[in-house]
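Inspection log for the structure reproduced underneath, given as C-alpha cells.
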C-alpha cells in the first residue's frame, strides 16, 4: 500500500436498489467482520479455560478488547492509504495466516497432556495481534460498505443484511467452532477457523466490486485528516451536559459487562458445562435470545419513544444479573436434565435481556451524533460504551479468585443502579422525533 498523492474516484456503476450481487457481498463481508471478533473475544476464552489457565489470567483476556475501543484513532489511515477493498483483502489473508499459526501451536495442547507455558504465551501474543488486525478489519469493511453504496437509501436498505450476517457469524463461532473443539480438538478447530477466513478471502478477491479506481492517499495530508478528527472529537465533547452523557454511556451496561467478563469460565469451570453443551447453550439459544431481545427493544422504542422506553428496558436488562447470582449460589448440575435446563433457560433469559439493553444504547448513541460528524461521533461514543468490559473485565479474574462468582455478580448488579439514576438527567431524549 503506497502513499502516492492521487485522487480517489468513485466508480458509480454499481446497481442501485436491492440486487443479488450486492446482497451476496454485503452478507459475506459482514460475516467476515463478525467471525474474527468472536474468535478473539469468545473462542480464545473458551480455549484458555479448556487448557486449564487460572481465572486471574482468564480475566486478562478481556484486555484484548482494547483495540476495538481505540480503533477510531487509526481509522483515518484506511482513508489515506490504498483502497478499502485492498485493505479488506490483505487483512483477511493476514487473519487466516495468524489463526493458522495458532492452530500449529495448538498441537501442543493435547487432552490430558501438560501444556508448555511458553506455547500459551505465544498463543496469547498471537491473540493480541489478531485483536489489532481484526479491529482494523472492521474499519475497512464499514468504510468499503460506504464507498460501494454511495446512495444513502441503499445503505439503509442493506442494514438488516449486515446485522443478520454478523449474527450468523456469532452462531458459527459460538456453536460450530465450540462443538468442533469438543469433537475434533483445538488444533483442527483453529484450522477450520483459518480455512473459513481463507475461503472468504478467495471469494472476496474474485467477487467484490471495485468502487475505488486507484490506490490513493486521498487529496488530504495526514495533518489535515488529523485536524478534522480532532475537530470531530472536540465537537462531540462540546455537547450540553456531556459529563452526564458520557457517564451514562460508560455505566449503562456496566453490570452486564461485569457479568460477561467471566461468563465463559463461570459456565465451563464453575458450573461444569461441557464444550458440546456450551455450543448450543450460548451459540444457539443464547444468540437467539439476544436477537429476540434486540428486535423487541427496537420495536418498543419505535412505538413509545426512547424516553418512555428507556427506564423499563434498563430495569429489565439489569434485573437479569440476579439470575446469574442465583446460578452461582445454587450451582445446578449440568450432567442432569433439570440442571442443564436451568442453566440453558437462565442463560437465554440473560442474553435476551442483554439484547434489550444493546438496542437501547445503540439508539441513544445515534442521538449523540451530530450530522456533520456522524461517523466519527459514533466511533467515539461506541469506544466509551465498551470501556467497562475491557478495563474492569481485565481484573475480574482477580476478583473471582479473591471473593468468588456470587460476589462478582452482586457487584455487577449494584453498579448497574447509578446508570438508571442518570436517566433523569441525560440529554438527547426529547430532541428527536419518535
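The values are calculated or read from the model by the stated rules, or taken from the named source; none is laboratory data. All figures in this text were calculated on a predicted structure; none of them were measured in a lab. Virtual Cβ from ideal backbone geometry, glycine too; neighbours counted across all protein chains shown.
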Do we have residue 26 as crowded, with 20+ Cβ neighbours inside 10 Å, assigned to a helix (DSSP H, G or I) and at pLDDT 95 or above here?
no
Have a look at 139, 133 and point out the one that is assigned by TED's automatic domain parsing to the domain that holds residue 76, surrounded by 15 or more Cβ atoms within 10 Å (Cβ to Cβ) and at pLDDT 95 or above.
133
Candidate set: segment 169-186, residues that are part of a helix (DSSP H, G or I) and out of contact with any helix residue (DSSP H, G or I) (no Cβ under 6 Å at 6 or more places or on another chain); chosen: the one farthest from residue 115 (Cα to Cα):
172
Output for segment 102-114, where each listed residue is in contact (Cβ under 8 Å) with a residue 24 or more places away in the chain and surrounded by fewer than 18 Cβ atoms within 10 Å (Cβ to Cβ):
104, 107, 110, 111
Which residue out of 346, 361 is surrounded by fewer than 20 Cβ atoms within 10 Å (Cβ to Cβ) and either within 30 Å of residue 269 (Cβ to Cβ) or modelled with pLDDT under 90 (or both)?
346
So, residue 366, is that one assigned to a helix (DSSP H, G or I), free of Cβ contacts under 8 Å to residues at least 24 places away in the same chain and more than 17 Å from the chain's Cα centre (by Cα) or not?
yes
Residue pairs qualifying under the 9 Å Cβ cut-off, at least six apart or on distinct chains, with the first in segment 154-165 being in a helix (DSSP H, G or I) and the second being exposed (fewer than 15 other Cβ atoms within 10 Å of the Cβ) and modelled with pLDDT of 75 or more, are 155/146; 161/23
When only residues in segment 258-277 that are within 19 Å of the chain's Cα centre (by Cα) and assigned to a helix (DSSP H, G or I) count, which is farthest from residue 178 (Cα to Cα)?
258
Report the residue count in segment 322-348 for those that are in contact with a helix residue (DSSP H, G or I) (Cβ under 8 Å, 6 or more places away or on another chain) and not in a helix (DSSP H, G or I).
4
Surrounded by fewer than 22 Cβ atoms within 10 Å (Cβ to Cβ) and either over 26 Å from the mean Cα position of the chain (by Cα) or closer than 27 Å to residue 49 by Cα (or both), is that true of residue 409?
no
